[in-house]
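Student: Here it is: the structure, laid out below.
No lab work stands behind these numbers, since they all come straight from the coordinates. Predicted model, so just to flag it, every value in this text is computed and none were measured. No Cβ is skipped: glycine too gets one built from the backbone with ideal geometry, and neighbour counts run over all protein chains shown.
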Amino acid sequence: MHDNFITLVELMIRLRSPGGCPWDRKQTPQSLKPFLIEECYEVVDALEEGSPEKVKEELGDLLFQIIFHARIAEERGEFTIGDVISATIDKMTRRHPHVFGSQELSTEEEVLENWEEIKKTEKGHSQRTSILEGVPKSLPSLLRAHRLQEQAARVGFDWSRTQELLAKLDEELQEFRESLAKGDAAGIEGELGDIFFMLVNIARFLSVDPDEALRKTIRKFVRRFRSIEESAASAGKSLNDMELDEMEQLWQASKVEG
């Protein structure tokens with residue numbers, strides 16, 4: 001494993017060197033950002049497919065991006081891939097004193113609380129004035145809302161009963177209806193945002209990953225819509241030529257299938 005890792009690092013050095021790949025030599029951390037994000041999502045897709053071979057391939061692509069960024073940093077005299085690995089080892093060892101030290105923590109909640117306390121003492125974290133500052137601004141909105149709510153809940157800013165959340169959701173829905181009745185575009189947008197945020201809160205409170213729940217619903221929608229398309233094609237029809245009632249019948253039939 002060590003030899004293969006060194007070979008991969010040397011491969012990147014070759015790609016970035018004079019006489020290497022013109023495209024790779026041209027890249028910067030900024031130009032590589034979209035590829036880094038894309039590779040992360042492709043790993044997630046592979047995990048959802050449940051194919052070990054696909055997961056292995058996509059993790060390799062993600063690792064390549066990490067080495068790419070580290071190589072550019074090394075060329076600039078900032079840090080090396082070795083520095084990245086050493087810093088991660090140090091950080092993970094420090095943040096797991098119940099594993100690598102003498103501290104005793106027995107529950108997941110205790111581990112998370114201690115993790116946050118340790119982070120507060122670390123460079124770059126000690127200057128933060130809010131526990132919410134640790135949530136990346138560039139996260140997708142659904143995930144960021146979930147993480148922000150988790151952080152707030154860790155200091156006790158949370159609901160106590162599911163019924164309270166449902167009542168708050170009803171309140172947000174009513175405010176949305178009022179904005180809709182007024183034709184208030186800004187109000188409609190704002191109230192819809194509040195509804196989304198509240199739905200994420202409900203999911204978090206019930207220990208449901210909102211992103212995963214939505215992904216499953218999207219997959220279900222795609223599967224059922226494709227069933228409609230296939231049924232229409234089998235009947236020699238195009239969806240553009242069908243009435244909504246006909247498509248609704250096919251939709252209901254697809255629901256029976258799963």
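Student: Using +1 on the beta carbon of Lys and Arg, -1 on that of Asp and Glu, and nothing else charged, what's the dipole of the stretch 2-94 about the Cα centre, debye to 20? Intermediate values should be presented prior to the final figure.
Tutor: Working: 11 positive and 18 negative charges, 104 e Å.
With only Lys, Arg, Asp and Glu charged at Cβ, the dipole is about 500 debye.
Student: Given only helices, namely DSSP H runs of n ≥ 4 each adding -39500 (n - 2.57), what is the per-residue ellipticity at 222 nm of the chain, to the nearest 500 deg cm²/dmol? It would help to have the intermediate numbers written out before the result.
Tutor: On the way: 12 runs with 191 residues, N = 258.
Roughly -24500 deg cm²/dmol at 222 nm, from the helical runs in the chain.
Student: Here is a further query. Take the residue pairs 54/220; 33/123; 56/216; 54/91 and return only those whose Cα atoms are more than 27 Å apart.
Tutor: 54/91
Student: Shifting gears a bit: In Å³ and rounded to a whole number, note down the convex hull volume per residue for the Cα atoms of the chain.
Tutor: On the way: hull volume 66.1 nm³, N = 258.
Spelled out: Cα convex hull of the chain, divided by residues, is 256 Å³.
Student: For the chain, set up a GNM with springs between Cα atoms under 10 Å and report which of 198, 242, 92 has the largest fluctuation.
Tutor: Evaluated over the chain, the most mobile residue of the options is 242.
Student: Name the aspartates and glutamates eligible as straight-distance cross-link partners of residue 120: C-alpha to C-alpha under 13 Å, and not fewer than 8 places from it in the same chain.
Tutor: The qualifying aspartates and glutamates are 133.
Student: Now a separate question. Using the charge dipole of the stretch 55-107 (Lys, Arg: +1 at Cβ; Asp, Glu: -1 at Cβ; taken about the Cα centre), state which of 68, 105, 85 has its Cα farthest towards the positive end.
Tutor: 105
Student: Another one. Got a sec? How would 188, 13, 6 order by Cβ neighbour count within 10 Å, fewest to most?
Tutor: Numbers: 188 16, 13 13, 6 10.
Sorted ascending by nearby Cβ count, the order is 6, 13, 188.
Student: Any chance you could give the angle, 0 to 90 degrees and rounded to 10, that helix 29-49 forms with the longest Cα principal axis of the chain?
Tutor: Its long axis makes an angle of about 60 degrees.
Student: Dipole of the stretch 125-251 (Lys/Arg Cβ +1, Asp/Glu Cβ -1, origin at the Cα centre): which of 247, 162, 233 lies farthest to the positive side?
Tutor: So the residue we want is 162.
Student: Which GluC sites (Glu not before Pro) from the stretch 103-157 combine a DSSP loop assignment with at most 15 other Cβ atoms within 10 Å? Before the final figure, lay out each step's value.
Tutor: On the way: sites: 104, 108, 109, 110, 113, 116, 117, 122, 133, 150; in loops: 104, 122.
Passing both the DSSP loop test and the Cβ count: 104, 122.
Student: Please identify every one of the chymotrypsin sites (Phe, Trp or Tyr not before Pro) in the stretch 153-196 that sits in a loop by DSSP and has no more than 10 other beta carbons within 10 Å of its own beta carbon. Walk me through the intermediate numbers first.
Tutor: Numbers: sites: 157, 159, 176, 196; in loops: 157, 159.
Hits after loop and neighbour filter: 157.
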